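Notes for the one structure printed next.
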Amino acid sequence: MESTILKESDSSRRLLVALAHPDDETFGLAGTIIHYARQGVAVHYVCATRGEAGHVDPALLEGYNSPAELRIQELCCAARHLGLSGLHLLDYRDSGMEGAPDNQDPASLFQAPLEEVVERIVYLIRRIRPQVVITFDPTGGYFHPDHVKMHHATTLAFHAAGDAEEFPWHLEEGLRAHSPQKLYYTAFPQVLARLAVRILPLFGQDPAALGHNKDIDLRRIADQRQVVTTKINVSSCAQASQRASRCYASQMPTGREGIQGMLARWIFRHDRYTRVVPPFTANQTERDLFAGVAEQ
């Protein structure tokens, strides 16, 4: 693993975001990260891979030895605009999309033993000691195998980190067991996904082939059931989010103009989550990830 502390923080509130690739943090959670970083929360990003399998225009590789080197540089750029306190690379190889040959690479996250991935995340939870953890929902957002793997590994790590009998050799490095208080999965409102599936074809857009790499199938996403328990208003973070997005020249998403752009700006005024721990039983939507958290 490789960890970089981007800014020192003695904040009593800490948030750990565990995802799969450089850009997942920006194209998915930028508003949330900026929102809490501005409040003085120490936000740490755990990134499983270096994004080697993502498509990169060869012209952008000038001066870089590999796509991975370029994408990590883009990640470091975005991290500054997001206000991240720490960046932590698990050092697995990008597995590519479902069924891609990259899935079979022995160094890929897809091929990594689940317990090994869990142990690395537990190590970081015990080291950073966050109260709140965010990761992908069970579908990984759009069924990317690395996203799904990080969902499973982070969920298991969330529960294992507080058990001193799990990975006891961490004690030799002075790391005590630590139980985060809240676990969230990313969520996308299914009503809006179904609406977009109907509207996009009217404007010549294929809802089954969206995104920079045409690998996002909105029809399949719309068929999944999700419960949005928590909405964070991130409208004030839009400009900073755009600055972070511009760092990813190699992965800039299409569809920011026209009808897709209008939909995106309206939908992403809020970041949406499903609260998993503690179970959500309230009648009203939660508006703060740190609501009810005991600071340490």
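Just to verify a result, which residue in segment 246-263, among those that are touching a Phe, Trp or Tyr at 6+ places or on another chain (Cβ under 9 Å) and modelled with pLDDT under 95, is surrounded by the most Cβ atoms within 10 Å (Cβ to Cβ)? Only one residue tops the list, namely Q251.
Within segment 96-121, residues that are over 15 Å from H147 (Cβ atoms) and of a type in the set (S, T, N, Q) reach partners that are part of a helix (DSSP H, G or I) and at pLDDT 95 or above with beta carbons closer than 9 Å, at six or more positions or on different chains, in the pairs Q111/N103; Q111/Q104. Looking at segment 108-116, can you tell me whether even one residue there is touching an Asp or Glu at 6+ places or on another chain (Cβ under 9 Å) and farther than 24 Å from L183 by Cβ? Yes, segment 108-116 has at least one match.
Each row is one residue, and each column tells you yes or no for (1) among the β-branched types (V, I, T); (2) out of contact with any helix residue (DSSP H, G or I) (no Cβ under 9 Å at 6 or more places or on another chain); (3) surrounded by fewer than 16 Cβ atoms within 10 Å (Cβ to Cβ).
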site	(1), (2), (3)
H35	no, no, no
Q39	no, yes, yes
H55	no, no, yes
A59	no, yes, yes
Q73	no, yes, yes
S95	no, no, no
A100	no, no, no
Q104	no, yes, yes
A112	no, no, no
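Annotation: of all residues in segment 264-296 being in contact with a helix residue (DSSP H, G or I) (Cβ under 6 Å, 6 or more places away or on another chain) and either at pLDDT below 65 or outside any loop (DSSP other than H, G, I, E, B) (or both), the one that is farthest from P130 (Cα to Cα) is I267.
Among all residues of segment 147-170, there is at least one that is out of contact with any helix residue (DSSP H, G or I) (no Cβ under 7 Å at 6 or more places or on another chain), small (G, A, S), in contact (Cβ under 8 Å) with a residue 12 or more places away in the chain and surrounded by fewer than 24 Cβ atoms within 10 Å (Cβ to Cβ).
The values are calculated or read from the model by the stated rules, or taken from the named source; none is laboratory data. Here the structure is a predicted model, which means the values were calculated and not measured. FYI the Cβ positions are ideal-geometry reconstructions off the backbone, even for glycines, and counts take in every protein chain you see.
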